[in-house]
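The values are calculated or read from the model by the stated rules, or taken from the named source; none is laboratory data. None of these values were measured; they are calculated from a predicted model. Glycine gets a Cβ as well: all are built from the backbone with ideal geometry, and neighbour counts include every protein chain shown. The protein model used for the area step is the full one, side chains on, heavy atoms only, and it has no ligands, DNA or RNA in it. Shrake-Rupley method; radii C 1.70, N 1.55, O 1.52, S 1.80 Å.
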Amino acid sequence: MTSGRRIRGTQRIAKSKNRRVEYRKILIAAEGVKTEPQYFERLAATLKAKAVRVVSVKPVGVGRDPLSVVREADRRRSVEKRSGDPFDEVWCVVDVDDHTSLERACVEAGRLSIDMAISAPSFEIWLLWHFQDMATSADGRALHRTLKSKWGFSDKNIPESFPYENYDAASKRASRCERVQVKHSPPNPSSSVPDLIGVLINAYAQEGNGKK
């Protein structure tokens, strides 16, 4: 049985009864096993970017390792390429935290043409920017406590009432922080998640302009 998609350059065609829609296929490999996958799955639904597939990479070894996220993303990309339905873009979503492999992860990602969305100190800063400003140095644990006490977060789960539609306001708050000079050592706070958001928005726009 053949796939419902056919390769045409870097675009596929999804077939339905009445139309064929071109769209981009994007892989997002996340460091976290709950929060990040939940966020991007629900954001994709908000944007109606049906080409997005979120992959949760489980922790490897002691602690969470950005380098393992990059390697897992590359492995998943290779599997899809061999199947004849490759990804157009591959992104890794990781935190700064206290990781010792972040620099190596960035180097490896560059070698493999994989994009990185890095948040300092953690992905929670990006989530908090959906609600309020935060332009001073932050601590990941303190951010988590704030999200839990003020905004209804439970453990690593995002509440159903989370305002995904506020991604634009979050991006503007991120833009007012100090600019990143060195990718693997970004200022605190900062996040390059807006770059990935832009890719998802463009994917949705291309899907909406698909050919019948």
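When ligands, DNA and RNA are left out and all protein chains stay put, how many square angstrom of accessible area per residue does segment 52-178 have with a 1.4 Å probe? Before the final figure, lay out each step's value.
Values: 6490 Å² over 127 residues.
That works out to 51 Å² for each residue.
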| message | Under a crude label model (7 Å from the Cα following the beta-carbon direction), how far is LYS183 from ARG141 in nanometres? | response | 3.1 nm
| message | With θ taken as phi - 60° and the coefficients 6.51, -1.76 and 1.60, list the Karplus ³J(HN,Hα) couplings across segment 24-29 in order, rounded to whole Hz; mark glycine and proline as x. | response | 9, 10, 10, 9, 10, 9
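For segment 22-162, what's the relative contact order in percent, using C-alpha pairs closer than 8 Å and at least 6 residues apart? Kindly include the intermediate steps, with their values, before the conclusion.
Working: 204 pairs, mean separation 34.0, N = 141.
This gives 24 percent for segment 22-162.
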| remark: In order over segment 185-198: 3J(HN,Hα) from phi, Karplus 6.51/-1.76/1.60, θ = phi - 60°, whole Hz, x for each Gly or Pro, gives 9, x, x, 10, x, 6, 7, 9, 4, x, 4, 5, 4, x
| query | Under a 1.4 angstrom probe, counting protein chains only, how are ILE26, ILE201 ranked by accessible area, largest first? | reply | ILE201, ILE26
| said: Take THR46 and SER83, extend 7 Å from each Cα along the Cα→Cβ direction, and tell me the distance between the two endpoints in nm. | reply: 2.8 nm
| task | Calculate one ³J(HN,Hα) per residue across segment 68-83 by plugging θ = phi - 60° into the Karplus curve 6.51 cos²θ - 1.76 cosθ + 1.60, and present them in order as whole Hz with x for glycine and proline. | result | 5, 5, 4, 5, 5, 4, 5, 5, 5, 4, 5, 4, 5, 5, 5, 7
| Under 5 Å between amide H atoms, partner at least 5 residues away or on a different chain: which partners does LYS50 have, H built in plane at 1.01 Å? | none
| query | What are the residues whose amide H is under 5 Å from the amide H of MET116, where those residues sit 5 or more places off or on another chain and H is modelled from the backbone? | reply | CYS92
| field | Other-chain or far-sequence residues with amide H under 5 Å of VAL55's (modelled H) | value | ILE28, ALA29, ALA30
| Over segment 93-200, what percent of the accessible surface lies on carbon and sulfur atoms, probe 1.4 Å? | 45 percent
